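Note sheet for the following structure.
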Amino acid sequence: RLFAAVGADVVCLEPPQGAQVRRVGPWIATTEAERRSAMWEYLGSGKRSAALCVDDERVDELLSWAELVISSFEGDASAAAAFHQRVADCNPRAVHVVVSGFGMTGPYRDWRHTPLTEWAAGGHLYITGEPDREPVQGGGPWVSYLTGAIAAIGAVAALFDTNRTGIGQLVDVGEMEAAASLHQWTLTMYTHTGYVKRRWGNLLGEWSHPIGLYPCRDGWISIVAVAPHQWEALCVSMELWELAADARLEVIGERFDRAAEIDAQITGWLSTRTVDEAVEFLQTRNVPASRALKMTEVLHEEQLNVRDFWRHPDGFGPDARLPWRPFVVGSVSPEFRPAPSIGQHTDDVLAHLDDRDDSPRPALDLSTVRVVECGVAWAGPLAGRFLGDLGADVVKVEHPGSRGLPVDASKAEAWSWGELPHPQIRSQVFADNMPGVRWWNRSGVFNKMNRSKRGVSLDVKQPAGREIFRQLLATADLVLHNYSPRGARSMEMDAASVSKLSDRAMTLSMTGYGVSGPLAANLSYGPVLQGHAGFDDATGYVGAGPTRLGVAFPDPVGGVHGAFAGLVALWYREVTGVAHHVDLSQLETLMSIAGEMFLTASVTGEAPVRHGNRSIDIAPQNVYRCAGDDSWVAVSVTGDDEWRALVDAIGDVELIGHREASVDRRRAIEPELDVAIERWTRRQGRHEAAAALQRIGIAAFPAVTNADLASDPQLAARGFVAEWDQPDVGVRGYPGFPIHFEHAPVHVRPAPQLGGDNDAVLRELPGMDDARLEQLRRDGVVWDHPIIVDWRP
């Protein structure tokens with residue numbers, strides 16, 4: 001779907017009865033009352049369909065024609081390996097991307113999976129929901145979508161390599177590793193401090209406050225006030241004078257520990273205002289905020305209409321709409337085509353296999369690509385990290401005051417491994433909770449997010465610093481940032497400014513709302529966009545209110561798609577010789593991983609109902625308590641055979657009478673079935689329960705913690721938790737790279753020290769020598785240690 005949206009000729013090879021995704025809900029009716037899968041209508045759009053039996057020799061002809069083959073499997077890694085051999089025999093130059101639940105190797109390679117178990121296996125389920133209730137999944141199969149986006153990154157990188165070497169290759173992507181790579185600090189918190197991250201409801205656990213959902217007079221609002229100036233603006237706007245005067249609350253961790261006290265006052269102020277009044281009031285005072293919308297409301301957002309975000313599939317009425325492009329790459333504008341019927345293009349595809357365009361494809365060595373990254377927070381740095389891991393020369397440009405304020409090391413005293421650090425030093429996630437002398441280089445959060453880059457620290461407010469920055473931008477193939485449009489223009493790294501410096505340099509703008517439209521200037525963070533896109537409204541327990549995910553989920557969504565968009569821009573520049581600037585709206589990119597939900601809402605007029613851990617296709621499905629403290633297992637019974645196997649294995653007398661129940665009957669009595677299933681799981685350890693169920697073909701997985709991820713045998717077998725000797729830190733474990741290439745190299749390197757590569761990078765600029773560098777240091781233009789920025793006006 002991603003490749004179709006950027007202009008590739010994508011053929012869906014499906015059996016005569018149709019691809020399995022055609023039988024996945026949600027379900028919508030055409031204007032002629034035909035029932036169709038909204039999932040297929042969304043994911044099938046932009047593609048052609050060829051329907052052939054797998055043993056048909058014409059399949060081999062199609063494999064010989066393809067440059068890229070994408071396949072998936074569940075529960076049979078040996079069959080996947082055999083199909084890869086078939087691809088390689090038919091077409092030694094083809095890149096073959098295999099996407100699965102756990103990958104083609106490792107002890108779980110034959111385990112089954114569903115969207116629920118994917119949330120569990122990646123460590124996201126355990127940290128989402130209320131602390132006194134069972135964990136709860138996200139409101140859609142969003143981990144699956146992001147696994148696809150990560151696989152697309154691997155596909156483009158492998159195509160570049162294959163075009164250069166003439167050698168095809170296998171790219172192996174497992175959803176467990178993909179999901180585990182989409183955390184900000186969850187795993188690092190454990191490897192650095194031993195703390196097991198937990199659920200905190202609608203708070204952003206352990207780190208900061210206010211970041212959350214709040215009720216107004218007529219609905220919900222999402223507010224983020226992380227930076228000191230945002231906290232002060234929030235307090236002044238709401239006239240919370242006592243909070244504003246409390247110096248201890250300038251520390252974001254302290255605000256989290258006192259969240260109940262703060263929220264009582266925020267909620268009191270919001271209770272007298274409508275959502276729209278509160279959002280406008282806060283945004284005009286530079287406090288990021290948004291309405292927490294239902295998906296039916298998002299459909300009518302003027303911002304999306306102005307930016308031509310929607311497309312209208314045929315046959316579902318005039319109001320039907322779905323997302324098309326998750327980002328815009330210059331003037332590249334592939335035509336939208338509705339999802340095809342089964343085998344609609346079989347004859348045409350087979351008749352024109354010899355007509356493929358054989359013009360040279362981009363043979364780009366990514367190690368020759370220069371990315372200048374000005375990423376802040378999470379999304380921008382994550383996109384840069386992916387490109388750096390793939391071999392690009394990513395130069396991260398930082399202000400010398402960007403790594404925080406001086407830390408009181410005494411707050412690390414009287415701490416033991418596994419405890420939550422003191423709020424004044426918590427957010428940095430220091431190794432062994434020790435700031436150390438060079439604390440600015442010891443942050444586990446920064447070092448995890450910014451590996452595989454070189455670091456330059458510049459004060460660009462000084463004329464000399466601004467000139468050096470311009471020179472750096474002129475050397476770039478790609479200028480990557482997630483500043484607001486106004487901020488990018490003021491830094492002269494917007495598309496218009498960069499185009500004046502170089503006709504080859506492209507910009508990858510990753511703003512909250514895009515560079516155009518009525519909301520372009522609005523301030524945003526991931527949690528704000530999550531509420532705006534309807535994701536919070538779609539997530540939560542049955543009968544309860546909206547629930548935010550355990551991480552700021554839009555950030556990894558934007559980061560992963562940003563890396564893919566950057567590679568696509570490089571591809572098109574190599575083909576056309578023209579620089580293509582990328583306009584990525586993180587709101588639109590987020591919505592692109594819920595296309596079937598928006599299509600359904602537009603056709604039915606109803607927003608998705610919060611369904612807890614249930615499924616619209618599978619029953620029973622839930623998260624069940626196991627033996628031990630806060631111990632849970634996610635279970636999905638995907639068919640009648642699996643249901644009978646579960647009944648026989650558990651042997652519960654109350655289940656035996658329902659052994660032959662259909663899925664509709666099982667859904668009708670699901671609460672009753674849950675009670676019996678949980679009688680069994682309560683007697684099992686969560687890992688033992690999952691393994692026992694997998695042995696009889698049932699998709700199950702423990703709701704794993706960050707500690708579990710650090711020691712999981714599957715992740716260990718695939719080398720996901722990587723150790724490196726981080727300067728000023730020592731050897732620590734970090735999340736590794738989630739894509740496994742047969743040939744294309746991966747270049748994971750430690751994160752840069754602040755200004756650690758000043759000399760090496762700046763010496764590449766014209767007129768730079770030792771005397772000039774020394775003068776820049778004396779003048780405070782380049783730094784290798786932090787300066788303290790006073791944020792108060």
The alpha-carbon center of segment 68-135 and that of segment 283-351 are separated, in whole Å, by 27
For the chain: accessible area per residue (Å², 1.4 Å):
37
Taking a 1.4 Å probe, which of ARG454, ARG777 shows the most accessible area, and what order do the others take after it?
ARG777, ARG454
Given +1 on the Cβ of Lys and Arg, -1 on the Cβ of Asp and Glu, and no further charges, what dipole in debye does segment 97-209 carry about its Cα centre, rounded to the nearest 20?
60
Of every hundred units of 1.4 Å-probe accessible area on segment 58-121, the number belonging to carbon and sulfur atoms, as a percent, is 53
Summarise the accessible area of segment 249-395 (1.4 Å probe, protein heavy atoms) by the percent that is carbon and sulfur.
47
Computed over the Cα atoms of segment 418-486, the Rg and Dmax in Å are 16.5, 47
Quick check of the Kirkwood formula: for segment 169-243, what is the inverse mean of 1/r over all pairs of different Cα atoms, in Å?
15.7
Can you give the relative contact order of the chain as a percent, counting alpha carbon pairs under 8 Å and 6+ residues apart?
20
Can you send over the solvent-accessible area of ASP246, 1.4 Å probe, protein chains only, in Å² to the nearest 10?
30
Going toward the positive end of the dipole of segment 278-322, with +1 on Lys and Arg Cβ and -1 on Asp and Glu Cβ, which of THR284, GLY317, VAL298 do you reach last?
THR284
Lysine pairs with alpha-carbon atoms under 21 Å apart, the chain, spacing 8 or more or separate chains:
6
Range in the chain, longest, excluding exposed chymotrypsin sites (Phe, Trp or Tyr not before Pro) [loop by DSSP; at most 16 other beta-carbon atoms within 10 Å]
1-335
Run the numbers for ILE167 and ILE696: contour at 0.36 nm per residue of separation, minus the present Cα-Cα distance, in nm.
186.5 nm
If you wrap a convex hull around the alpha carbons of segment 112-212, what volume per residue comes out, as a whole number of Å³?
138
If you plug each phi of segment 84-89 into the Karplus form 6.51 cos²θ - 1.76 cosθ + 1.60 with θ = phi - 60°, what whole-Hz ³J(HN,Hα) values come out, in order, with x for Gly and Pro?
4, 4, 5, 4, 5, 5
Nearest-5 percent of antiparallel DSSP beta bridges in the chain?
50
Pull up all non-local amide H partners of GLY534: gap of 5 or more, or a different chain, and H-to-H distance under 5 Å with H placed in the peptide plane.
LEU293
log10 I(q)/I(0) for segment 602-712, Debye formula on C-alpha points only (no solvent), q = 0.10, 0.16 Å⁻¹, two decimals, reads -0.31, -0.72
Tell me which of PHE160, TYR126, VAL171 sits at the most positive position along the dipole axis of segment 113-172, charges placed on C-beta atoms (Lys, Arg +1; Asp, Glu -1).
PHE160
Largest-first principal axis extents of the Cα set of segment 53-194 (Å):
57, 33, 27
Size of segment 1-47 along its principal axes in angstrom, Cα-based, largest extent first?
32, 22, 17
Roll a 1.4 Å probe over the protein heavy atoms and report the accessible area of ILE127 in Å², nearest 10.
10
Roughly what would the spin-label model give for VAL653 and ARG466, points 7 Å off Cα along C-beta, in nm?
8.3
Using only the Cα atoms, work out Rg/Rh for the chain, with Rh taken as the Kirkwood radius, to two decimals.
0.95
The answer for GluC sites (Glu not before Pro) in segment 597-687 that fall in a DSSP coil and have at most 12 neighbouring Cβ atoms within 10 Å is GLU606, GLU660
Leaving ligands, DNA and RNA out of it, report the carbon-plus-sulfur percent of the accessible area of segment 162-224 at a 1.4 Å probe.
55
Through the Karplus equation 6.51 cos²θ - 1.76 cosθ + 1.60, θ set to phi - 60°, convert the phi angles of segment 267-284 into ³J(HN,Hα) values in whole Hz; use x for Gly and Pro.
5, x, 5, 5, 5, 9, 10, 6, 4, 4, 4, 5, 4, 4, 4, 6, 4, 5
Accessible-area ranking of THR193, THR604, largest first, probe 1.4 Å:
THR604, THR193
If R₀ is 51 angstrom, what is the calculated FRET efficiency for the pair ILE788 and ASP357, using the beta carbon separation as r and rounding to 0.05?
0.35
Given the convex hull over the Cα atoms of segment 384-464, what projected area results after averaging over all orientations, in nm²?
6.8
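The values are calculated or read from the model by the stated rules, or taken from the named source; none is laboratory data. The shown structure was predicted, so the numbers you read here are calculated from the model rather than taken from an experiment. Virtual Cβ from ideal backbone geometry, glycine too; neighbours counted across all protein chains shown. Side chains are part of the model used for accessible areas, which takes the heavy atoms of the whole protein and leaves out ligands, DNA and RNA. Shrake-Rupley method; radii C 1.70, N 1.55, O 1.52, S 1.80 Å.
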